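All of the numbers you see were taken from the coordinates with simple rules; none came from a lab. Just so we're clear, the structure is a prediction, and the values are computed from it rather than from any experiment. All Cβ positions, glycine included, derive from the backbone under ideal geometry; neighbour counts span all protein chains shown.
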Amino acid sequence: MNANISRRQLFRGALALGGVVAVGGSLAACTTTEPGGPDAEGGGGLLERARQQGLRIAIGNEPPYTELSPDGTVTGAEPDVVRAVCERLGIEKVEGIVTGYNDMIPGLKANRWDAIAAGLFMKKSRCAEVSYASPVIVSTESFGVRPGNPKDITTIADATERDDLRIGVVPGGFEQGILEEAGVPGNRIINVTDARGGADALAADRIDAFLLPTLSLRELDGVEVTDPIEDAPSTGSSAAFRPEDSDFLDAYNEELEKFKTEPEFAEILDKWGFDPTVVDGVTTEELCAVDG
C-alpha cells in the first residue's frame, strides 16, 4: 500500500466500530506485551482482556469485505460480523486498525492487534500461521478489465501463457498467490495500492487487467468485470486469531455458529452483496486446503 495513501486513510479513521479506528503507530507500546502474558493489563486470556479493554482487529479498506467511510467509520461484511459476535461475548468495543495485507499476520504475531477481520482468504500457508474461525464468506475471483475486454482476458491460463499481459494485484493478497502458483512471471505481476488503484492503473494503461474478488471489482465504476474465473480457486474468509488464543477462538466459534442461524447474519451478508447460504456446510478445514 502506498505510504501516503495509507497515512491519509489512517488519519481519516479517527472513529471506531462504535468507537475509534486507531492509527497503527499509536499501538506501538502494546507490541512488547505477549498476548495473555503476566504483564498484560487486566491479566488472563484474550477473552477476559477483550471484555475489559475491547478487541483490536486488523482491517483493510476493500469493500465489501471492509470499508473505511469518509467520516472514519469502519464497516464491511467482516467487521460487522465480528462486532455482532463480540456483543454476544460481552465485548463492548471493537477497534479497527487499517493495515496492508502483507502486514496482517506479522502484526497479529507481534500483538499489534488481536484478530484479523479483513477478508484475508484462507489458504495453506496462512492456516499454518493463524487459526481461522468458522467461515463467514465464500468468494470467487474475477478480472477487472477495460470496457469490452479488448485483450479477451478470462482465465488464469491467459495470464500464464500470454507474455503480453500485465496483471495487477494488491501486494500480499490471495490473488498474488494465485498468479505466483500458476507460474506467472514476477515482471508481469504489477502491484496496485487497492481496488481503486487497480482501476487507475488500468485507465493509465499500466496494466491490462487486475485480479480481485468478484464483488470487490463490482464496487468500482468504469471497470468491466469478467465472469468468475473458472480456473481460479474459490476460497473464503473469517476472523483469524493467534493459535495460542484457542480459548477465545472456541468461545467465538460457539457464538458465531449460533449467529449464523439468525436473521441478522443474513442481513449483514445481504447488505454487502454476499449470499449468506453459500457458507452452509463449508468448513475451515476445507478452505484451508487451498494451495498457496
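For the reader, a short list of remarks on this structure follows.
- Residues whose amide H lies under 5 Å from that of Leu212, counting only those 5 or more places away or on a different chain, are Ser142, Gly144; hydrogens are built 1.01 Å from N in the peptide plane.
- Amide N of region 180-201 lying under 12 Å from the label point, which is placed 7 angstrom from the Cα of Asn102 along Cα→Cβ: 191-193
- Working note: Karplus 6.51/-1.76/1.60 with θ = phi - 60° gives region 88-105 the couplings 6, 8, x, 9, 8, 10, 10, 10, x, 10, 6, 8, x, 4, 4, 9, 5, 6 Hz, where Gly and Pro are set to x.
- Distance from region 42-76 to region 100-143 (C-alpha centre basis), Å: 14 Å
- Linear extension gain, Glu254 paired with Asp275, 0.36 nm per residue minus alpha-carbon span: 5.4 nm
- Charged side chains reduced to their Cβ positions (Lys and Arg at +1, Asp and Glu at -1) give region 175-227 a dipole of some 120 debye around its Cα centre.
- Taking label positions 7 Å along the Cα-Cβ direction at both Ala110 and Asn149, the computed distance is 4.1 nm, reported to one decimal.
- Counting neighbouring beta carbons within 10 Å and listing from fewest to most, the residues Leu120, Leu165, Leu217 come out as Leu165, Leu217, Leu120.
- Part-to-part distance (alpha-carbon centres) for region 149-178 and region 189-252, which is given in Å: 13 Å
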